[in-house]
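See below for the structure under consideration.
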């Protein structure tokens with residue numbers, strides 16, 4: 001299945017919309033796509049056929065469960081997960097000896113990539129005087145540093161072992177022959193770069209675009225360093241990926257890709273400024289220093305399609321890739337790390353690394369804590385900021401039942417833990433770059449008597465009114481969860497002085513009306529306290545657990561401890577925060593109006609309002625970064 005074949009199948013299944021109307025790759029494609037991505041189920045895949053270049057743009061191609069299933073050969077990730085579990089069981093379980101494994105190993109050999117001689121389909125057209133400006137590279141958001149290649153399959157190899165790696169690192173286009181190479185310090189591509197720098201060698205890099213959609217998924221999969229991502233692609237397809245050698249370096253790429261951008265990174269060169277970029281966190285990642293990628297050739301097939309994606313405030317297409325990873329890799333987590341694991345879930349508003357829910361079969365004291373620390377030490381799980389471990393039978397996707405289970409089993413002063421460790425480098429909340437606090441909640445203990453009874457959490461209306469009158473900085477209080485037996489109050493606050501949230505916490509602890517409330521979260525006045533999705537997203541983005549979470553032991557008039565989370569924006573002297581704080585990723589009003597006015601001309605169905613009209617309320621003065 002190459003990209004053209006995938007497009008035909010999507011169209012046959014009603015999953016693709018063609019847009020023949022001229023559409024600008026600068027902002028307009030993003031605004032249209034964002035409206036579809038945030039509809040229920042991920043919307044449709046869009047093929048923009050008239051982009052002002054000779055190439056169409058395909059976007060949101062993997063942005064739904066159905067399209068993931070089609071890309072995986074009409075198999076659900078859960079079905080493949082069972083196959084992985086069976087394979088691992090055969091390899092590691094009891095058997096008659098090594099000879100019994102031979103048929104399985106023979107089957108696995110079919111998944112190994114194959115190098116073929118000669119040129120591939122991806123080399124039908126060869127440009128040795130390459131010009132990136134001929135490609136319909138998207139400028140995604142108004143304050144982006146420029147156009148970005150957003151769905152690149154970046155090929156590198158270890159200079160000592162020759163082991164290849166496939167990663168996905170955004171690439172800002174600077175001119176016709178150079179881009180940035182945004183590989184994070186924790187990624188394999190960055191490790192390869194450091195090795196080439198140590199050896200004083202120029203680093204070959206080749207970037208493929210398109211081809212079999214499975215390649216795109218595999219480039220994002222959290223495989224261990226040293227494992228060839230094309231083995232996973234071979235497993236999914238049950239046949240090997242066929243590779244061809246590039247023309248200007250010695251790397252190999254899939255022969256069926258649509259474009260291949262060949263080149264190199266010279267570790268001797270100074271790093272260059274890259275960004276800002278509207279990122280998958282829902283906020284801009286700000287300017288930083290990254291290597292410069294030099295293009296030496298661009299090859300393509302005769303009928304290429306340019307694949308792209310956009311990221312921003314969830315949900316977006318990347319949420320479906322994360323969902324596939326969650327389903328596909330759960331057996332590996334269980335068998336290699338957490339044998340007691342019975343379910344695992346990364347809610348979409350947690351943008352993959354901010355929130356993890358896990359259910360275990362608990363059998364001894366401290367087991368929930370053990371699982372917390374195991375997850376924090378496992379690969380990319382090290383970036384997890386909030387982790388909740390349960391042994392309640394509630395489905396982890398039923399968030400109300402999960403919250404009830406936490407209320408019934410957790411005294412914050414006993415069953416929570418704050419630690420610190422690595423954060424994703426895109427996290428803007430940490431006092432230090434790429435390092436900050438994490439909160440673990442161990443909800444695996446017995447039910448606390450009476451803790452699930454909503455009567456326990458009744459709050460007197462008169463006392464609430466009196467408290468709010470005494471604190472005009474409070475712009476809203478959401479008490480709706482108390483009536484469902486969830487010990488949680490959400491507070492909106494207009495900050496105007498240093499220490500305001502801290503002082504408010506002290507006042508709450510002294511107010512008898514709130515004796516039984518265990519969990520409190522504070523948000524800025526602009527946040528919608530009735531939208532749980534957005535509140536989870538904002539808390540994950542804005543909280544450094546080591547700084548912004550306070551846990552208090554019970555007092556003589558309180559049966560339980562209490563946990564307070566400050567999920568407000570942190571700025572300058574007001575919050576004693578020295579790092580720059582980014583704005584949320586929203587579209588500019590001019591582009592929103594253009595798309596509104598042209599909607600019927602696109603021929604893409606009923607009107608969908610712009611999500612940015614709502615999220616613009618969260619923006620503050622400034623561009624990508626908030627002005628101090």
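Since every read-out is calculated from the coordinates, none of them should be taken as a lab result. Predicted model, so just to flag it, every value in this text is computed and none were measured. Here Cβ is always computed from backbone atoms with ideal geometry, including for glycine, and neighbour counts include all displayed protein chains.
What the Cβ-Cβ distance of residue 552 and residue 239 gives, at R0 = 60 Å and to the nearest 0.05, is a FRET efficiency of 0.55.
Spatial offset of the stretch 402-455 relative to the stretch 557-582 amounts to 15 Å, using the alpha carbon center of each. Report the calculated FRET efficiency for residue 176 and residue 498 (r = Cβ-Cβ distance, R0 = 60 Å), to the nearest 0.05. After rounding to 0.05, the efficiency reads 0.75.
Between residue 380 and residue 266, residue separation times 0.36 nm minus the direct Cα-Cα distance comes to 38.3 nm. From the alpha carbon centroid of the stretch 146-221 to that of the stretch 1-70 is 25 Å. Considering every alpha-carbon pair of the stretch 151-231, the percent of pairs per 10 Å bin, from zero through the bin containing the longest distance, is 18, 52, 28, 3. Judged by the gyration tensor of its Cα atoms, with axes a ≥ b ≥ c, the stretch 370-419 is oblate; a/c meets the 1.5 cut and b/c is at least as large as a/b. I need the shape label for the stretch 455-497. Rule: rounded when a/c is under 1.5, else prolate if a/b > b/c, else oblate, with a, b, c from the alpha carbon gyration tensor. Since a/c reaches 1.5 but b/c is at least a/b, the shape of the stretch 455-497 is classed as oblate. Derived value for the stretch 111-173: Kirkwood hydrodynamic radius 14.9 Å. Basis is the mean of 1/r over every pair of different alpha-carbon atoms. Using the average count of surrounding beta-carbon atoms within 10 Å as a protection proxy, the listed peptides 564-570, 387-393 rank, highest first, as 564-570, 387-393. Run a plain Debye calculation on the stretch 217-260 (Cα atoms as equal point scatterers, no solvent) and give log10 I(q)/I(0) at q = 0.26 Å⁻¹, rounded to two decimals, same order as the q list. Treating every Cα as an identical point scatterer, log10 I(q)/I(0) equals -1.06.
Relative to the longest principal axis of the chain, what angle (0 to 90°, nearest 10) does the C-alpha long axis of helix 500-509 take? For helix 500-509, the angle is close to 50 degrees. With contacts taken as Cα pairs under 8 Å and at least 6 residues apart, the chain reaches a relative contact order of 13 percent. Would you mind checking the tilt of helix 461-470 against the longest principal axis of the Cα atoms of the chain, expressed as 0 to 90 degrees and rounded to 10? Here the helix axis deviates by roughly 80 degrees. Principal axis extents of the C-alpha atoms in the chain (largest first, rounded to whole Å): 79, 69, 51. Grouping the Cα pair distances of the stretch 264-312 into 5 Å bins from zero gives a pair-distance distribution of 5, 15, 14, 15, 20, 18, 11, 2 percent in increasing distance order.
I need the fraction of alpha carbon pairs in the stretch 318-443 separated by more than 20 Å, rounded to a whole percent. When all Cα pairs of the stretch 318-443 are counted, 41 percent exceed 20 Å.
Model label sites at residue 109 and residue 594, defined 7 Å from Cα along the beta-carbon direction, differ in position by 5.6 nm. Using alpha carbons only, the radius of gyration of the stretch 180-325 set against its Kirkwood radius gives Rg/Rh = 0.95. Once the Cα atoms are used to define both axes, helix 399-409 deviates from the longest principal axis of the chain by about 50 degrees.
The label-point distance for residue 78 and residue 458, in a model that sets each label 7 Å from Cα toward Cβ, rounds to 4.1 nm. Mean residue ellipticity, 222 nm, helices only, the chain: the sum of -39500 (n - 2.57) across DSSP H runs of n ≥ 4, divided by residue count and rounded to 500, is -8500 deg cm²/dmol. Compactness of the stretch 454-575, taken as the C-alpha radius of gyration over 2.2 N^0.38 Å, stands at 1.01. Classify the stretch 281-337 as rounded, prolate or oblate, taking a ≥ b ≥ c as the square roots of the eigenvalues of its Cα gyration tensor: rounded when a/c is under 1.5, otherwise prolate if a/b is larger than b/c and oblate if not. It comes out prolate by the Cα gyration axes.
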